[in-house]
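Data block below; observations after.
The values are calculated or read from the model by the stated rules, or taken from the named source; none is laboratory data. Remember, it's a predicted structure, so these values are computed and weren't measured experimentally. When we count neighbours, we look across all protein chains shown, and the Cβ atoms used for this are built from the backbone with ideal geometry, even at glycine.
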Amino acid sequence: MIDVVFLLLAYFIVTTVITQREDRLSPNLSIEDQAGGTAQQDFEPQVLEVKLVDGSVEYSIGDRRFADRGPLVEALSKLPQGPGLFVRVHDGPTVSAAAAAIQCGRDAGFKEVTYVPVVE
């Protein structure tokens, strides 16, 4: 019985030392407090919309629409990448379509890609 208690104690000590505390993790989105009461950045993040139109997946950035991943990666690589990329997925597209959009953002060089489901 003492062996089991010792092994459990050793397990909990090792897991608390090895894992990073959650309060030390850096969030993907940060809020800046200003004296004026509003927070605003110099650049807004890019927004990639994923929708299902007439049975096929459509990717859109603003008013530009894409059906294939190649032209989408090319268009994303020309955008400013500092503020990050939000991938907004509407109801309808499959998980693989959402994952493809996230991968396109990574392929284009975005370091921060955030998945945002749209509740309709």
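Brief remarks follow.
- When the stretch 51-65 is filtered for residues that are of a type outside the set (A, V, I, L, M), surrounded by 13 or more Cβ atoms within 10 Å (Cβ to Cβ) and within 20 Å of the chain's Cα centre (by Cα), the ones remaining, listed by number, are Lys51, Glu58, Tyr59, Ser60.
- Among residues of the stretch 88-120, those that are touching a Gly at 6+ places or on another chain (Cβ under 7 Å) and among the charged types (D, E, K, R), counted: 1
- Contact map, the stretch 108-120: first residue exposed (fewer than 12 other Cβ atoms within 10 Å of the Cβ), second residue of a type outside the set (D, E, K, R) and part of a loop (DSSP other than H, G, I, E, B), Cβ cut-off under 8 Å, separation 6 or more or different chains; pairs are Lys111/Gln81; Lys111/Gly84; Val118/His90; Glu120/His90.
- The stretch 79-95 residues that are farther than 11 Å from Val57 by Cα, paired with ones that are acidic (Asp, Glu) and assigned to a strand (DSSP E or B) (beta carbon under 6 Å, 6 or more apart): Arg88/Glu49
- When the residues of the stretch 70-90 are filtered to those that are more than 10 Å from Ala108 (Cα to Cα) and modelled with pLDDT under 90, the one that is surrounded by the most Cβ atoms within 10 Å (Cβ to Cβ) is Gly84.
- Qualifying positions in the stretch 50-69 - charged (D, E, K, R), over 20 Å from Lys111 (Cβ atoms) and in contact with a helix residue (DSSP H, G or I) (Cβ under 9 Å, 6 or more places away or on another chain): Arg64
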